[in-house]
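For reference, the structure is listed below as structure tokens.
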Amino acid sequence: MELKVPTALVASPDRSFCDKVGAATERAGVQLVAQVVSCLQLPALFDALQVDILVFDADSSGAEPIGVLASLHRSSPKTAILMAATALTDKCVEDALLHGVSGFISKCCDSREYADAIRAIQRGEIWLGREKLAHALTSLIDTINLPPQSRETSGAAEKLSPREEEIVLLIARGCTNKEIAKTLGLSDKTVKAHLSHVFAKLGVTRRAQLTQPRNFPGAPAPH
């Protein structure tokens, strides 16, 4: 039985960028099936092609990229999205992760790094690139090194979003990530991204800690 070759779509009016993505997909063993110059063309193509990977040029989208990608992720949650931009701020990465984006890469990276990113997100992994990954690890280490009381205080200062509250309540009922994803119409990766934020906000390190009533609003009081 023949294995299905993963397919990709690139959205950018930048010809040199599209050529680089083409070289990267070939290197990664992925078939580039279409190129579009405008994000307005994406919804119809998404429905028609059902691609495995979208490489999205956020610099040239002509619209607010997170909103566009969130809508595409809702319509095709199985498609892994790689967002490329000249500048990727922490806030941009954070928002995009919560809306289903799987990977982030600088537009100045070469085709070899694009190929690595494409392979990673195709396997269901999150790709941040060396610089962003180093920053994320540094932030995590700083958080771990804080005294427990400081972590609890900083977490308690941030309020959970309505979506985060829903996820925590479902965890308290014993739901798995897959069950939560199905209930809320999200992908597994999006649920994991939400959970990372919940852990940071509440100052917890284990899933079991989320079942404690003091850690989330709306939980029933113990009898």
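Since every read-out is calculated from the coordinates, none of them should be taken as a lab result. Bear in mind that the values here come from a model prediction, so they are computed numbers and not experimental data. Neighbour counts are summed over all protein chains in view; Cβ atoms, including those assigned to glycine, are modelled from backbone coordinates with ideal geometry.
Values computed for the structure shown
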read-out	value
5 Å-binned pair-distance histogram of the stretch 1-58 (Cα, whole percent)	4, 20, 32, 22, 14, 5, 2, 1
Positive minus negative residues near ILE180 (Lys, Arg vs Asp, Glu; Cβ under 11 Å)	+2
Full-stretch length increase - CYS109, THR205 - with 0.36 nm per residue and alpha-carbon distance subtracted	31.2 nm
Diffusion coefficient, µm² s⁻¹, Stokes-Einstein with Kirkwood Rh over alpha-carbon pairs of the stretch 7-132 at 4 °C and 1.567 mPa s	93 µm²/s
